[in-house]
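Readers should treat all values here as calculations from the given coordinates under stated rules, not as data from a laboratory. Because the structure is predicted, anything quoted here is derived from the model rather than measured. Neighbour counts run over all protein chains shown; Cβ positions are idealised from the backbone, glycine included.
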């Protein structure tokens, strides 16, 4: 009787630990606004700078991530990493509009200078 209770208790503890492992293995960290500093396709790593100014170089979990998301140096991205510090997801954020200051034609400038 005592042996079966210990077996049942041990089995329940092992099942609980296995369930806890599955739950924690799905955890990720997200860097919502990061700037890509460099991409090393040979090493499958991306170097990025976080919004807080930290620089990270991490390996991608799946090499297809680099092919799927057409990211380049200077892009603003959101990056998810897993518990093994591997990049699992990259989302390219919309690029800010880079409006140029209005150009003034030389003859317009000359007209403005005339008394």
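Which of the three applies to the range 26-92, rounded, prolate or oblate, going by the alpha-carbon gyration tensor with a ≥ b ≥ c and a/c under 1.5 meaning rounded?
Working: a/c = 1.39, a/b = 1.02, b/c = 1.36.
Rounded, since a/c falls under 1.5.
Give me 29, 45 ranked fewest to most by other Cβ atoms within 10 Å of their Cβ, as a rough exposure proxy.
Working: 29 11, 45 17.
With the sparsest Cβ surroundings first, the list reads 29, 45.
With label points built 7 Å along Cα→Cβ from the Cα atoms of residue 49 and residue 82, find their separation and express it in nm.
Taking the simple label geometry, residue 49 and residue 82 are separated by 3.0 nm.
Would you mind ranking 34, 94 by Cβ crowding within 10 Å, fewest neighbours first? It would help to have the intermediate numbers written out before the result.
Values: 34 23, 94 6.
Ascending Cβ contact count within 10 Å gives the list 94, 34.
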